[in-house]
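Chemist: I'd like to ask you about the structure that follows.
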Amino acid sequence: MAGWELLLTDARIATMRQGGGPYGIVEAAALAIADGRIAWLGPQKDMPKVDAAETRSVNGQWLTPALIDCHTHLAFAGNRAEEFAKRLAGASYEEIARGGGGIMSTVRATRAASDEELLEQTCRRLMALKSEGVATVEIKSGYGLDTQNELRLLKLARAAGDAAGLSVSATFLGAHTVPAEYRGRTDDYLDLVCNEMLPAVAANRLADAVDAYCENIAFSPAQVSRVFETARSLGLPVKLHADQLSDGGGAKLAASFAALSADHLEYTSNSGIAALAKAGTVAVLLPGAYLTLRETHLPPLQTLREHGVAIAIASDCNPGTSPVCSLLSTMSLATSLFRLTPEECLAGVTRNAAQALGLSADRGTLEAGKRADIAIWDIGHPQELSYWLGLNQLSGLLVDGEQALDSHST
Ligand code: DI6
Ligand code: FE
């Protein structure tokens, strides 16, 4: 066996391996890294004799898979604090959107911003996530809504990942809303999405997946189907904003395209959940949006559990409905608001989040052969990760086997 590059000893490991018992825990453990991958992990006493270039004791701290934020819209310019204040004073999200504010106001700010400004603002949000042990972030376009700006956002999302030193999974969300210049001409806008934007995205390999916003203030199931059929013909997997504000049959539609994930799901019916289970589509729950919109209709957690649907959680970081740049806080909110267990929360930002991005073979659990994306925590038990609200106990982060952050105490 070739040598190891780094050996971490005296660790407690929450592998989050499926079928590995609660949290997939291995106590008194060691973990070895070679070529950016996990070469070996297990009880330290069973460790094979292999030379390691560097050995580091973590002194009984916990290792978990680095966290994955599988649903964000964090590439945008400006903010919507003013709209937030209006909503607090009584205006609804739908009223503001119908009045030309909402998503469209961020589209205007984003189109007007320079590449440098956009990169700087995007990186700031990525670094906030990374400081909490996040090594993979999905970023959607959707604030460009013309060909040039949608392509610009996708390129920028990847460039921001490089600059911040983490992996970005880019998702094309051209079908986010109908831009002002196409008002009343939704089908013409969808022609642009399907005939011009999507072929350019695919030809330049700018996106890993295609998303759409299926909602009565956005696109109908029939309109989303057009986008998804085009995505399928171009070989791109799909995911969907489904049933957030009303039951529009979004989950069923996502399942019928074998979507990677269906996201939000507050209003999804039992038959929609059965369809997700059958298709193996991940349910992504977004407590930041639920909180910010002061929604009261809970997502159907118990039914999702009963059907064995994999559940992920994500920040949904966006300027309108979820100005949330913290995945640890999202975990805490998912317990308090949705009653996920702390273990479901950690699975939701590791193993199941990887599945929602089609990256399960590569990351999301700590197992030999997977990417060495590892978070090191100064905690007594992994359930503490969902318990605290606003306390970051990360003490180290490895991305691709390389030290990406040392002590969080800056
Ligand atoms: N995701 C979205 O795309 C919308 N809500 C959500 O959870 C709206 C984003 C926005 O208002 O900018
Ligand atoms: Fe979203």
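Chemist: If I fit a long axis through the Cα atoms of helix 147-164 and take the longest principal axis of the Cα atoms of the chain, what angle between them do I get, 0 to 90°, rounded to 10?
Modeler: Relative to the chain, helix 147-164 is tipped by roughly 20 degrees.
Chemist: Write down the accessible area per residue of the chain in Å², having rolled a 1.4 Å probe over the full set of protein chains.
Modeler: Per residue, the chain has an accessible area of 38 Å².
Chemist: Could you derive backbone 3J(HN,Hα) for segment 186-200 from the dihedral phi with the Karplus parameters 6.51, -1.76 and 1.60 (θ = phi - 60°), listing whole Hz in sequence and x where the residue is Gly or Pro?
Modeler: 4, 5, 5, 5, 5, 4, 4, 4, 7, 8, 10, 5, 4, x, 5
Chemist: Now a separate question. Obtain the nm distance between the two label points defined at Ala180 and Asp46 by a simple spin-label model: each point lies 7 Å from its Cα along the Cα-to-C-beta direction.
Modeler: Between Ala180 and Asp46, the simple spin-label model gives 6.3 nm.
Chemist: Moving to a separate point now. So for the chain, considering every pair of alpha-carbon atoms, how many percent are separated by more than 37 Å?
Modeler: Summing the P(r) of the chain above 37 Å gives 20 percent of all pairs.
Chemist: Which percent of the accessible heavy-atom area of the chain goes to carbon and sulfur, probe 1.4 angstrom?
Modeler: Numbers: 7910 of 15730 Å².
Whole-percent figure for carbon plus sulfur exposure: 50.
Chemist: Treating the beta-carbon of each Lys and Arg as +1 and of each Asp and Glu as -1, no other charges, what is the dipole magnitude of segment 63-163 about its Cα centre, to the nearest 20 debye?
Modeler: 100
Chemist: Ok, one more. Once you compute Rg and the Kirkwood Rh from C-alpha atoms, what is the Rg to Rh ratio for segment 215-261?
Modeler: So for segment 215-261, dividing Rg by the Kirkwood Rh gives 0.95.
Chemist: Pick out which of Asp373, Asp316, Asp115 has the largest mean-square fluctuation in a Gaussian network model of the chain, springs linking Cα atoms closer than 10 Å.
Modeler: Of the options given, Asp115 has the highest mean-square fluctuation.
Chemist: Moving to a separate point now. I'd like the Karplus ³J(HN,Hα) series for segment 47-64: coefficients 6.51, -1.76, 1.60, θ = phi - 60°, whole numbers in Hz, and an x wherever there's a Gly or Pro.
Modeler: Each residue of segment 47-64 in turn: 5, x, 8, 9, 5, 10, 5, 9, 10, 10, 7, 9, 6, x, 6, 8, 10, 10 Hz.
Chemist: For segment 109-126, take each phi angle, set θ = phi - 60°, evaluate the Karplus expression 6.51 cos²θ - 1.76 cosθ + 1.60, and give the result in whole Hz per residue in order, putting x for glycine and proline.
Modeler: Once rounded to whole Hz, the list reads 5, 6, 4, 7, 7, 6, 4, 5, 4, 4, 5, 5, 5, 5, 4, 4, 6, 4.
Chemist: Right, another one. Write down the percent of antiparallel bridges among all DSSP beta bridges whose residues are both part of segment 68-356, to the nearest 5. Before the final figure, lay out the partial values.
Modeler: Numbers: 1 of 27 bridges.
Rounded to the nearest five, the antiparallel share is 5 percent.
The values are calculated or read from the model by the stated rules, or taken from the named source; none is laboratory data. In this text the structure is predicted, and so the values were computed from the model without any measurement. Counting neighbours? That spans all protein chains shown, and the Cβs are built from the backbone with ideal geometry, glycine included. Protein only, heavy atoms only, side chains kept; ligands, DNA and RNA dropped before computing areas. Shrake-Rupley method; radii C 1.70, N 1.55, O 1.52, S 1.80 Å.
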